[in-house]
1. Exactly one of these conditions fails for THR235: (1) under 14 Å from GLY69 (Cα atoms); (2) in contact with a Phe, Trp or Tyr (Cβ under 8 Å, 6 or more places away or on another chain). Give me its number.
2. Can you pull out every residue in region 138-181 that is in contact with a Phe, Trp or Tyr (Cβ under 9 Å, 6 or more places away or on another chain) and either assigned to a helix (DSSP H, G or I) or among the aliphatic types (A, V, I, L, M) (or both)?
3. Does GLU269 satisfy the criteria of being touching a His at 6+ places or on another chain (Cβ under 6 Å), assigned to a helix (DSSP H, G or I) and charged (D, E, K, R)?
4. Going residue by residue through region 229-240, is there one that turns out to be closer than 26 Å to LEU213 by Cα, touching a strand residue (DSSP E or B) at 6+ places or on another chain (Cβ under 9 Å) and modelled with pLDDT under 90?
5. Got a sec? Which of GLU353, GLU374 is within 12 Å of the ligand (Cβ to nearest atom) and either more than 21 Å from ASP252 (Cα to Cα) or modelled with pLDDT under 50 (or both)?
6. Hey, can you tell me all the residues within region 221-246 that are surrounded by fewer than 19 Cβ atoms within 10 Å (Cβ to Cβ), small (Gly, Ala, Ser) and not in a helix (DSSP H, G or I)?
7. Can you tell me which residue in region 244-289 is nearest to the ligand (Cβ to nearest atom), limited to those that are basic (Lys, Arg) and over 25 Å from VAL215 (Cα atoms)?
8. What number of residues within region 330-340 are buried (at least 21 other Cβ atoms within 10 Å of the Cβ) and within 10 Å of the ligand (Cβ to nearest atom)?
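The values are calculated or read from the model by the stated rules, or taken from the named source; none is laboratory data. Keep in mind it's a predicted model, so treat the numbers as computed, not measured. With ideal geometry, Cβ positions are generated from the backbone for all residues, glycine too; neighbour counts draw on all protein chains shown.
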Amino acid sequence: MTAFCPYPIGMTSATMQASTGPATTGPDGDTILEVRDLKTYFPIRRGVLSHIHAWVKAVDGVSFSVRRGKTLGLVGESGCGKTTVGRTLLRLIPATAGTVHFDGADIFNLARGPLRSLRRRMQIIFQDPVGSLNPRMTVGHIVGEALTVHRIARGAERNRRVGDLLERCGLGASCMNRYPHEFSGGQRQRIGIARALALNPDMIICDEPVSALDVSIQSQILNLLSDLQEEMGLTYLFIAHNLAVVEHFSNDVAVMYLGKIVEIASAEEIYRNPKHPYTQALLSAVPVPDPTRQRTQVVLGGEVPSPIDPPPGCAFHPRCPLAIECCRQELPFLTQHAGCTPDHRTACHRADEIGPTTLVDHSCGTGEQTGKREDPT
Ligand code: SF4
């Protein structure tokens, strides 16, 4: 089977994005974070002289925007590079290429002083609520450390602020003198949230903050994050591997595969009209809370390719049930397709032919297996 490939050979992601405009921009145009063609590569060294033998392309040309006071969900399988994106934005990992502007400031070109000030405005909540808290420090010291380091408060004033933060996050101020091991997983994550809030940030990168928690606790933490966003006008970059978690939490969603964004749209649009086969496969794994409804899960064959030597063309083609010859040769770029909202962009050669139920029926009703893998041609 052959199909016309609409993309010129040799077109780079940067030129394609330039020709199609920003990956997503809020309707109000109030963008707080602007990421353009971000690349983070890690060298693999070998031999006595540690020569660079190859590069792990963890993040390979990612562009997106985050609207002020809103949440962008960044979703994908483990190892797709989403955590690396979050850490590169905070300059915890050096970027290989690309630009990141936070409220107009070019993060990668900031000197030490301005970067320190900017770090007060951008905080992170880590995935592991156990490993991210120093077991030798009391909760009061963990939450209040940033206040001391940034010379914002000391002594009684610092304790007062820490007490307020703990209360706000659903823990009593009396927890201040206790140690992390005395708390449950959900309570430890609340401590992590209180620490992230200590400097009164504008934006928080939530790096899979609920993936290590029980389902009942997950909803408590998500509700807390949602309440804090409303109360404090926070902006979130919410990293998760599960589309169900971000469904009711994000305003916009970007789906990553092997270091690239393959689909980006408003949350409502991506759940209503998923275009990329990978997004459809992720959505098919979301449980439906109704015993009378079933839908067939799309089980992707093959292995996730290595980011050291990604496949040519569309990196998803070895696992894609809709792959055609063009997919093996030409790299698809994020672009708008027929029947999509203006902010909906998909990197797939066949997106115009693919409907929301091409791989799986999301609206099925009576317990019948209705998933299908029809060929849209
Ligand atoms: Fe599948 Fe081809 Fe689309 Fe890639 S470009 S997702 S291989 S149909």
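1. (2)
2. Listed by number, the residues that qualify are VAL139, LEU171, CYS175.
3. Working: touching a His at 6+ places or on another chain (Cβ under 6 Å): yes; assigned to a helix (DSSP H, G or I): yes; charged (D, E, K, R): yes.
Spelling it out, GLU269 is indeed touching a His at 6+ places or on another chain (Cβ under 6 Å), assigned to a helix (DSSP H, G or I) and charged (D, E, K, R).
4. As a first pass, look at region 229-240 and keep what is closer than 26 Å to LEU213 by Cα: 229-240.
Now narrow it down to the ones that are touching a strand residue (DSSP E or B) at 6+ places or on another chain (Cβ under 9 Å): 229, 234-240.
Filter again for modelled with pLDDT under 90, leaving none.
Within region 229-240 (the criterion being closer than 26 Å to LEU213 by Cα, touching a strand residue (DSSP E or B) at 6+ places or on another chain (Cβ under 9 Å) and modelled with pLDDT under 90), the answer is no, since none of the residues qualifies.
5. Working: GLU374 fails: within 12 Å of the ligand (Cβ to nearest atom).
Step by step, each of GLU353, GLU374 is checked, and only GLU353 is within 12 Å of the ligand (Cβ to nearest atom) and either more than 21 Å from ASP252 (Cα to Cα) or modelled with pLDDT under 50 (or both).
6. Of everything in region 221-246, just one residue is surrounded by fewer than 19 Cβ atoms within 10 Å (Cβ to Cβ), small (Gly, Ala, Ser) and not in a helix (DSSP H, G or I), namely GLY233.
7. By that ranking, first place goes to LYS275.
8. Counting residues in region 330-340 that are buried (at least 21 other Cβ atoms within 10 Å of the Cβ) and within 10 Å of the ligand (Cβ to nearest atom) gives 2.
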